[in-house]
Amino acid sequence: MRQNFGQTDYGCIPGATREGDQMRFTADIPYGADAAVQIYEKKSGKLLLEQKFPADAKYGNLRTVTVSGLPLPDVVYDYRIQDETVCDPYAKILTGDETQPKRRCAFSTAQYDWGSDAFPRIPYERAIMYHLHVRNFTRHPKSMVRHKGTFLGLQEKVPYLKNLGINQVKLMPIYEPAPDAHEKEKEHPLLANQRPNCWGYGAGSYFAPRRLFAATDDPIKEVKDMVRVFHQNGIELIMELFFETGTPIRMILDCLTYWVSEYHIDGFHIMGNGELGRYLMGDPVLAQTKLIVDNASFAADAPEGLRTFAEANDGFLMDMRRILKGDEGMLESFAWRVRRNSGKFAMINYITNHDGFTLNDLVSYDQKHNEENGEQNRDGANYNFSWNCGQEGPSRKKTVTALRKKQMKNAFLLMLLSQGTPMILAGDEFGNSQNGNNNPYCLDNEVSWVDWNACRRHPDMVEFVKQAIAFRKKHRVLSMAEEFLLTDYKSCGYPDLSYHSSRAWYGGFEYNSRQLGMMYCASYAGEEEFLYVAYNLHPQEQELALPKLPAGMTWYLAADTSQNGFLEEPQKIEESRTRFFPARSVTILLGKKESKE
């Protein structure tokens, strides 16, 4: 092997880069530190070469050295900085099991043929997001995939997701956890005998796909194949990335750029440091990449054009959970959440998330049950705005199970009939349960794995969600790009959105009210029909007014969660100024031209 020294260059990006028959190594090394690249034989782990970085750097702290004649792919590397051996934070792939404290960096030099792959570019308001953990989603013995718990396994579920109506998938972290993360967790007295953080939130090797999630020995190709198949089916992929405070902005930009350019990732949910989003606004490489943050108010200053930023916070979750279980004093907040929108940034709306109860558990447990985590039930949120419908945990009582199923259907409509981007937690569509555990971050077992047995037990719930998604997509007034003005700005005789109580055109937002009628004039979305959604989250039947429609039009019943859900064909209802709506139900009426029978 020959060793040649290179020079740090202004445009140099850290990491290992192939240049002809040479490998160029660039690293951020503290001023004055003694540092070297260490090359090992991959199979034996034998140290073959230690090549020192030059003492001087021409740009900041970046130092570069090139090495020729490396027998790729039979060698791996790491860095020695002073007396500490560390992984390259820009490594594209890591070797070995992630529980091993000493992992090394491998070389990624293979070319990938993307063919005609193209980014779907789905507007936020037209997206139906599905949130999952790659391993947990297909790890269950009954998941009906060959490659369980892997990127290939997820790829096998594309037909299921597409059939459900999903066109956007948000992945919990798929990058390698920090090589020493497991060792650090062992230092915590409560976690000494626990598994590592299975979810992967935290610092890590941000450029390397997680080997644990790979069915083959080539996680890079596996992820790229997965992305290409998703894109072929019109589905976007969003990655969650957790950057701790202090992570260099340059590294974050390099990371996002790398995943977009090398993996064709459609967007990112940037977590950990809430201020990062504003630093990414205006970056030309990310100009059409979706960027989700916890607070996107800064994006109100963004220039006119494509909405790239979206906001995901628990405000929608908390308000919708409270109205769902029947809390008083929530009606105004509820109405605002349903219509909340922005021309500058989108809203991600969810009632469940990876952190907290699943939807089934939300209607089955009043208290968290996290004992299996090994922290004496001290971890996880203490209050979840949940209601067990009369019995804690699983129940065989028909009245309890029927009420729970109705509440789950109500929850889906609260989300899918709201403006913004709805986000479904994986498995909620068929009642997946975690046995009341609202924080199974450290469990890699059937508690955290999505239970595909439930999919076969509850085909009616899957069908309901499928129909609800299709209904949303069909009626564009439910997915507008900008917020409703609550006025008749088109002079068509009706406002874009209006509220109704037992009196037409009067919302009636009294403290003890838990019922509201919302009428949408679909002409504001280029459609002819009217849409009336009656939300009655009160424990008793309630009366709501039905506004008078234009001549020649009448009301038809389209869906009712107190019955079977969506009707195959909307049914005409009797003409009346008011209508009584069942307790704890959501009902959808369509105002359209009367059909001739």
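Brief remarks on what is shown
- Selection from the range 79-100 of residues that are out of contact with any helix residue (DSSP H, G or I) (no Cβ under 9 Å at 6 or more places or on another chain), of a type in the set (D, E, K, R) and buried (at least 20 other Cβ atoms within 10 Å of the Cβ): D88
- Residue match in the range 32-44 (condition: farther than 28 Å from D218 by Cβ, among the small types (G, A, S), at pLDDT below 95 and crowded, with 16+ Cβ neighbours inside 10 Å): no
- Any hit, the range 235-244, residues being at negative phi and surrounded by fewer than 17 Cβ atoms within 10 Å (Cβ to Cβ): yes
- Number of residues in the range 121-143 that are within 17 Å of the chain's Cα centre (by Cα) and surrounded by 14 or more Cβ atoms within 10 Å (Cβ to Cβ) equals 16.
- Filtered residues of the range 468-501 (kept if surrounded by fewer than 17 Cβ atoms within 10 Å (Cβ to Cβ), touching a residue at least 24 places away in the same chain (Cβ under 8 Å) and under 17 Å from L164 (Cβ atoms)): A470, K473
- Of the criteria (1) at pLDDT 90 or above; (2) within 41 Å of the chain's Cα centre (by Cα); (3) over 24 Å from D83 (Cβ atoms); (4) surrounded by 13 or more Cβ atoms within 10 Å (Cβ to Cβ), which one G15 fails: (3)
- If you check A346, A312 for being buried (at least 24 other Cβ atoms within 10 Å of the Cβ), farther than 13 Å from Q407 by Cβ, in contact with a Gly (Cβ under 7 Å, 6 or more places away or on another chain) and of a type outside the set (S, T, N, Q), only one passes: A346.
- Members of the range 450-461 found to be under 15 Å from L132 (Cα atoms) and more than 17 Å from the chain's Cα centre (by Cα), listed by number: D451, W452
- Among the residues of the range 507-529, the ones that are over 30 Å from the mean Cα position of the chain (by Cα), closer than 23 Å to R584 by Cβ and charged (D, E, K, R) come to 1 in all.
- If the condition is being surrounded by fewer than 16 Cβ atoms within 10 Å (Cβ to Cβ) and over 19 Å from Y441 (Cβ atoms), then the range 367-390 contributes only G390.
- Selection status of S386, modelled with pLDDT of 95 or more, touching a Lys or Arg at 6+ places or on another chain (Cβ under 9 Å) and among the hydroxyl-bearing types (S, T, Y): yes
- Flag for M423 being surrounded by 22 or more Cβ atoms within 10 Å (Cβ to Cβ) and either within 14 Å of N360 (Cβ to Cβ) or of a type in the set (V, I, T) (or both): no
- Of the strands (runs of 3 or more DSSP E) lying entirely inside the range 496-597, not one carries at least 3 residues that are at positive phi, modelled with pLDDT of 95 or more and not assigned by TED's automatic domain parsing to the domain that holds K409.
- The residue that is nearest to H140 (Cα to Cα), counting only those in the range 451-495 that are among the polar types (S, T, N, Q) and part of a loop (DSSP other than H, G, I, E, B), is S479.
- Annotation: of all residues in the range 334-355 being touching a helix residue (DSSP H, G or I) at 6+ places or on another chain (Cβ under 6 Å) and among the aliphatic types (A, V, I, L, M), the one that is farthest from Y535 (Cα to Cα) is A346.
The values are calculated or read from the model by the stated rules, or taken from the named source; none is laboratory data. Just so it is clear, the model here is predicted, and its values are computed rather than measured. Every residue, glycine as well, gets a Cβ built from its backbone with ideal geometry; the counts of neighbours run over all protein chains shown.
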